[in-house]
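These notes concern the structure reproduced below.
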Amino acid sequence: MQPSSGENVNQRIARISAHLDPPNLHMDNTASVSRLNCRAKGAAAGFRVAILGAAGGIGQPLAMLMKMNPLVSVLHLYDVVNTPGVTSDISHMDTGAVVRGFLGQQQLEEALTGVDLVIIPAGVPRKPGMTRDDLFNINAGIVRTLSEAIAKCCPNAIVNVISNPVNSTVPIAAEVFKKAGTFDPKKLLGVTMLDVVRANTFVAEVLGLDPRDVNVPVVGGHAGVTILPLLSQVKPPCSFTPKEVDYLTHRIQNGGTEVVEAKAGAGSATLSMAYAAVKFADACLRGLRGDASVVECAFVASQVTELPFFASQVRLGRIGVEEIYPLGPLNEYERAGLEKAKKELESSIQKGVSFVRK
Ligand SMILES: NC(=O)c1ccc[n+]([C@@H]2O[C@H](COP(=O)([O-])OP(=O)(O)OC[C@H]3O[C@@H](n4cnc5c(N)ncnc54)[C@H](O)[C@@H]3O)[C@@H](O)[C@H]2O)c1
């Protein structure tokens with residue numbers, strides 16, 4: 001291309017070198033057109049979503065998939081490490097959402113201001129030999145800190161808690177919100193979607209069906225025996241032999257451990273979890289948009305059993321959880337499973353509550 005008549009050699013060199021050595025994230029104003037002055041400041045109408053723990057094993061693919069979600073207009077990526085790199089990378093995807101990165105505690109409040117949905121995959125993952133409860137002490141503190149900031153900066157946002165142990169971290173967030181006077185049980189949801197995703201996959205394998213055509217309600221909680229697949233309520237209607245019920249229940253309850261052991265020290269489920277988290281977040285956003293009949297399983301404040309929190313099918317709407325469905329008819333196997341699940345859930349919930357009240 002010929003230079004324009006007014007362009008001298010020095011200007012041409014400056015133009016070419018700007019391409020060879022592009023300004024970094026913190027040097028916007030050295031470019032001739034500063035990024036801050038670009039016209040494209042916002043995207044199409046949509047929701048503002050924050051991911052806390054966005055640079056982690058779950059956080060990164062989750063951020064990528066949320067950038068691809070047409071319901072998202074603004075995506076805030078917050079972590080205590082590495083967000084500039086993840087943000088720069090993801091911001092180059094030519095989808096509608098505008099991506100902004102936030103690094104470290106001093107930028108947490110900015111990351112949360114004005115958002116409609118907060119997704120929390122921050123924390124340490126399980127290593128072989130660890131149970132979800134072993135993670136408690138580290139992740140409980142992280143979720144408490146993040147929840148305090150949510151109560152202050154976006155008390156009306158829907159909150160999706162992924163950090164384990166979900167059976168305790170959801171009660172922790174609830175206690176923090178109660179202390180701050182902002183608790184709305186319709187807006188706080190523990191993400192148990194991965195249990196449903198696994199159940200759909202494993203049941204489809206046994207039945208020889210496409211997993212997209214299968215729906216297994218999974219109730220209770222999100223750890224070991226608290227994960228209770230209701231195989232008697234699978235859609236499409238089907239029946240299983242007692243051997244199949246044992247195999248499926250055990251595999252669904254131990255799906256997390258299967259991945260932890262296969263990764264042999266490199267962490268827990270991240271890719272399938274990011275997929276499940278996006279499936280769930282998308283359902284929350286469709287509810288917020290006003291779509292009818294958005295029903296998913298989630299761990300929420302509930303009166304379905306005598307416990308203060310329980311996972312079951314819920315209908316998502318403009319204000320969050322609009323309806324919590326009862327468990328429906330259980331068979332004897334499931335009733336026995338429910339009793340076991342409730343016993344363990346009770347102590348995990350209490351552990352979370354005591355952590356904040358102590
Ligand atoms: N709900 C589920 O079904 C499910 C499934 C798998 C994993 N998990 C849980 O999700 C969590 C994350 O797992 P992972 O594999 O992504 O772990 P990871 O270690 O790869 O990533 C966690 C991220 O959190 C960040 N982080 C730590 N402290 C933070 C803080 N105070 N504020 C913001 N970010 C912080 C870390 O810097 C890291 O980037 C773990 O608690 C894990 O047990 C839940």
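The values are calculated or read from the model by the stated rules, or taken from the named source; none is laboratory data. Model, not experiment: these values are computed from the prediction. Here the Cβ is made from the backbone with ideal geometry for all residues, glycine too, and neighbour counts use every protein chain on show.
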Completion exercise
In the stretch 174-198, residues that are part of a helix (DSSP H, G or I) and either modelled with pLDDT under 95 or within 13 Å of the ligand (Cβ to nearest atom) (or both) total 6
Problem - Residue count for the stretch 75-114, restricted to those that are β-branched (Val, Ile, Thr), buried (at least 22 other Cβ atoms within 10 Å of the Cβ) and not in a helix (DSSP H, G or I) - result: 1
Exercise for the section: Looking only at the stretch 152-166, decide whether some residue is assigned by TED's automatic domain parsing to the domain that holds Pro84, within 18 Å of Tyr78 (Cβ to Cβ), of a type in the set (Lys, Arg) and within 13 Å of the ligand (Cβ to nearest atom). Expected result: no
Problem - Given (1) buried (at least 24 other Cβ atoms within 10 Å of the Cβ); (2) away from the ligand (no atom under 12 Å from the Cβ); (3) in the same structural domain as Leu271 (by TED's automatic domain parsing), index of the condition Asn215 fails - result: (1)
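Can you tell me which residues in the stretch 237-265 are in a loop (DSSP other than H, G, I, E, B) and either touching a residue at least 24 places away in the same chain (Cβ under 8 Å) or within 16 Å of the ligand (Cβ to nearest atom) (or both)?
Listed by number, the residues that qualify are Cys238, Phe240, Asn254, Ala264, Gly265.
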Completion exercise
Taking first residues from the stretch 168-193 that are at negative phi and second residues anywhere that are assigned to a loop (DSSP other than H, G, I, E, B) and crowded, with 24+ Cβ neighbours inside 10 Å, the pairs with Cβ under 6 Å that are 6 or more apart or on different chains are Thr169/Ser163; Val191/Ile162; Thr192/His222
Practice task
Can you give me the ranges of the strands (runs of 3 or more DSSP E) entirely in the stretch 286-338 with at least 2 residues that are surrounded by fewer than 18 Cβ atoms within 10 Å (Cβ to Cβ) and not assigned by TED's automatic domain parsing to the domain that holds Glu175?
Solution key: 320-324
Practice task
Might you let me know whether the stretch 274-281 holds any residue that is over 17 Å from Val161 (Cβ atoms) and surrounded by fewer than 16 Cβ atoms within 10 Å (Cβ to Cβ)?
Solution key: no
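How many residues, within the stretch 114-126, are near the ligand (Cβ under 10 Å from one of its atoms) and in contact (Cβ under 8 Å) with a residue 60 or more places away in the chain?
6
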Problem - Check on Val300, more than 12 Å from Val219 (Cβ to Cβ) and at pLDDT 95 or above - result: no
Problem - Residues satisfying the stated conditions in the stretch 101-147, i.e. among the hydroxyl-bearing types (Ser, Thr, Tyr) and either at pLDDT 95 or above or within 28 Å of Gly320 (Cα to Cα) (or both) - result: Thr113, Thr145, Ser147
Exercise for the section: Answer yes or no: is there a residue in the stretch 128-150 that is over 17 Å from the mean Cα position of the chain (by Cα), within 12 Å of the ligand (Cβ to nearest atom), in a loop (DSSP other than H, G, I, E, B) and not assigned by TED's automatic domain parsing to the domain that holds Gly256. Expected result: yes
Practice task
Answer yes if at least one residue in the stretch 344-354 is touching a helix residue (DSSP H, G or I) at 6+ places or on another chain (Cβ under 7 Å), surrounded by fewer than 20 Cβ atoms within 10 Å (Cβ to Cβ), modelled with pLDDT of 95 or more and closer than 20 Å to Val143 by Cα, and no otherwise.
Solution key: yes
